[in-house]
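Asker: One structure, as C-alpha cells, below. Some questions next.
Read-outs throughout are calculated quantities, based only on the coordinates presented, and are distinct from any laboratory measurement. Since the model is a prediction, treat every value here as computed from it, not as a measurement. Cβ sites come from the backbone with ideal geometry, for glycine too, and all protein chains shown count toward neighbours.
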Amino acid sequence: MLRINRDKCGYCGTCVAVCPEDALELIDAYLSLERECIGCGICARACPLGALEVVHEE
Amino acid sequence: MKSSYDILVIGGGPAGALAAKTAAEAGNSVCLIEKRPAIGTPVRCAEGIGKELLKEFVKPDPRWISADIESARIIAPNGTAIRLDQAQAGNEVGYVLDRKVFDRELVWQAAEAGADVIVKTRATVPIMENGAVRGAKVLSAGVPADIRAEVVIAADGTEAQFARRAGLDTTVPLREMMSCAQYVMTDIDINAGCTDFFLGNEIAPEGYLWIFPKGNRTANVGIGISGRKSREGTRAKDYLDRFVAKNFPNGKTIEAIAGGVPVCRPLPCTVGDGLLVAGDAARVVDPITGGGIGNAMYTGRLAAQVASRCIEAGNCSKEAMMPYDTEWRASKMGAGIERNYKVKEYFVTLDDAKLNALADSIASISFSEFSVLALIKELIKRNPKLLLELKALKDTLS
Ligand SMILES: Cc1cc2nc3c(=O)[nH]c(=O)nc-3n(C[C@H](O)[C@H](O)[C@H](O)COP(=O)(O)OP(=O)(O)OC[C@H]3O[C@@H](n4cnc5c(N)ncnc54)[C@H](O)[C@@H]3O)c2cc1C
Ligand code: SF4
Ligand code: SF4
C-alpha cells in the first residue's frame, strides 16, 4: 500500500512521471492514488521530499 | 468553454502558452486548459535562461526579470572554478526570470491573441476514435465535460499523462529523473550577477547544485540529483539542507519547492493521429543543464504551426503531422539534446577525482562562450584521451 504524506508533499509531479503503472494523479495541489498500485516503490525513491512510503501489510 | 475547437492545448506552461498563442494568431479557434487554479504556481523551476534564446520568443520585460546575469561559474568538488564573464563573452549571458509572472504573461498573450483559457480544468483521458485523438475528457472545477478538437497539443509538463493515455510511453526511468528541491532564500551573501553550479558526488550525485541570484541578497538555491541516488536520508532535500546549513546558516527561506526534470532521451515519437506532444511532456529538456524553458517554447510554437497547416489542409493524421517531429529533431535544439545526452551519460560515470582533474585542466581558460559544446571542446583539447572515452561524440563535435 502506498502512503502519501500530504504534509510533506510539494505537489511537484515527479512521482507521477516515474510510476510505471500510471497510478498517481496530481490534482492541482494534492497528490492522489487513483489507480492500481503494484507497490514497486519507484515513486518513493524519486520523491525529493520523502513524502511517499510503500507500507507492506502483515 | 465551447464543446469543440480547432486546437485544444493541455497545460499552461511555456510550451502550452506558445502553442495556444501561435495557433490563435494563425486564425484557429483555440482552448488552453490548465489543471491548477493559477498559472505559474507553484514554480517548478530555477528560472535561468539565455538571453538570445529568450528573445527568439518574447521581448524581455523587467516585470518578469528578476536578475541580469553577467558571469557564471562551475565549481568542482575541490573548489576549482571555471569562469565565464560577460566582458570576455562579448555577448550577454542570461536572465533569471520570475516565472510566476513570466508564465502568466505568456498565457495572457495567448488569451490576447484570441485563445480561450480555462484554469482548474484537468484533462483526464483523451477522447479516442479509431485510434485517433479527437479531444479530451476534462474535469472543470469538478464538473465533467468533453472538449473535442481537430488537434490536441499535449503540453502537460513532467507528468505527461495525456500522451501516455493516448498510447505513447512517457514513463521516465528512475535513473533519468532528476529529483530536485529548491529554496528561494533571502538575506544571504551572494554575487548578485553570477550564477554558480556546484558539482560533485558529495554535493549533488549525478546532478548539480545551483545558486541563481534573484536580487542583491536573494537567490534560488536548489539541487537536482539522479533518482537512483535518491533514498531515505539522501534525498534532494537532505543534500540541499546540508549545503544551506553550511553556507547560508542565517539565510531565510521564503519559498520551498520540489520538482522533477526528465533527463532521458526525448520520446521516440512526439506525434499521433490528432496529437502533438511539446515541452517537458515530450522530454525535450537539455540532459546536461536541465534547461527546458526555451525548448518548451520552441516545440510549443512549432507544434502549433504544424497543426495549423494540417488543419487547413484537412488532414491531421500522424503521417501528415510528422514534419513536427522531423523538424525539431533536425533543429539546433534536437541536435544539442542528442549530443548533450551522450555527454551526460559520460559525466555521470566520473568520480570526484576525475571531475577535479578535468576542471583543473581548463580552469585557467577565458571562455568566450558558456555552452556545453564550448566546454567539451576545450576539455578535449587539454585531455586528448577524453576523445577515446567519448567516442560516441566524435561525429557531433563539429
Ligand atoms: C527544480 C527545477 C529547476 C529548473 N530550472 C530550470 C532553469 O533554470 N532553466 C530552464 O530553462 N528550465 C529549468 N527547468 C525546467 C523547466 O521548468 C521546464 O522545462 C519548463 O517548465 C517546461 O515547460 P512546459 O510548458 O513543458 O511544462 P510546465 O511548465 O511544467 O507546464 C505544464 C503545465 O501543464 C499542467 N498540466 C499537467 N497535467 C495536466 C492535465 N492533465 N490537464 C491540464 N493541465 C495539466 C501543469 O499543471 C503545468 O502547469 C527546471 C525544472 C525544475 C523542476
Ligand atoms: S514526488 Fe513527492 S513531493 Fe512531488 S508530488 Fe510526488 S509525493 Fe509530492
Ligand atoms: S509504488 Fe510503484 S506502482 Fe505504486 S504508485 Fe508508486 S511507482 Fe506507481
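Asker: Using beta carbons and a limit of 8 Å, which pairs, at least six apart or on different chains, have the first residue in the range A:3-16 and more than 9 Å from chain B (Cβ to nearest Cβ) and the second one of a type in the set (S, T, N, Q)?
Answerer: Cβ pairs passing all conditions: A:Ile4/A:Ser32.
Asker: What number of residues within the range B:259-292 are without any contact (Cβ under 8 Å) to a residue 24 or more places away in the chain and under 20 Å from B:Gly207 (Cβ atoms)?
Answerer: Matching residues across the range B:259-292 total 0.
Asker: Does the range B:295-303 contain at least one residue that is within 11 Å of ligand 1 (Cβ to nearest atom), part of a strand (DSSP E or B) and among the β-branched types (Val, Ile, Thr)?
Answerer: no
Asker: For the range B:172-184, name all the residues that are touching a helix residue (DSSP H, G or I) at 6+ places or on another chain (Cβ under 7 Å) and either within 7 Å of chain A (Cβ to nearest Cβ) or of a type outside the set (Ser, Thr, Tyr) (or both).
Answerer: Selection gives B:Val172, B:Leu174, B:Arg175, B:Met177, B:Ser179, B:Cys180, B:Ala181.
Asker: Could you count how many residues in the range A:25-57 are touching an Asp or Glu at 6+ places or on another chain (Cβ under 7 Å), within 16 Å of ligand 1 (Cβ to nearest atom) and in contact (Cβ under 8 Å) with a residue 12 or more places away in the chain?
Answerer: Within the range A:25-57, residues that are touching an Asp or Glu at 6+ places or on another chain (Cβ under 7 Å), within 16 Å of ligand 1 (Cβ to nearest atom) and in contact (Cβ under 8 Å) with a residue 12 or more places away in the chain number 3.
Asker: Name the residues in the range A:17-46 that are facing chain B (nearest Cβ under 7 Å) and closer than 15 Å to B:Ser230 by Cβ, would you?
Answerer: A:Ala17, A:Val18, A:Ile42, A:Arg45, A:Ala46
Asker: Among the residues of the range B:41-50, what is the count of those that are buried (at least 23 other Cβ atoms within 10 Å of the Cβ) and either out of contact with any Gly (no Cβ under 8 Å at 6 or more places or on another chain) or among the aromatic types (Phe, Trp, Tyr) (or both)?
Answerer: 1
Asker: Would you confirm whether or not the range B:274-281 contains a residue that is of a type in the set (D, E, K, R) and surrounded by fewer than 24 Cβ atoms within 10 Å (Cβ to Cβ)?
Answerer: no
Asker: Oh, and also: Taking the criterion of being within 14 Å of chain A (Cβ to nearest Cβ), surrounded by fewer than 24 Cβ atoms within 10 Å (Cβ to Cβ) and either assigned to a helix (DSSP H, G or I) or away from ligand 1 (no atom under 14 Å from the Cβ) (or both), would at least one residue in the range B:206-216 satisfy it?
Answerer: Scanning the range B:206-216, I find at least one residue that is within 14 Å of chain A (Cβ to nearest Cβ), surrounded by fewer than 24 Cβ atoms within 10 Å (Cβ to Cβ) and either assigned to a helix (DSSP H, G or I) or away from ligand 1 (no atom under 14 Å from the Cβ) (or both), so the answer is yes.
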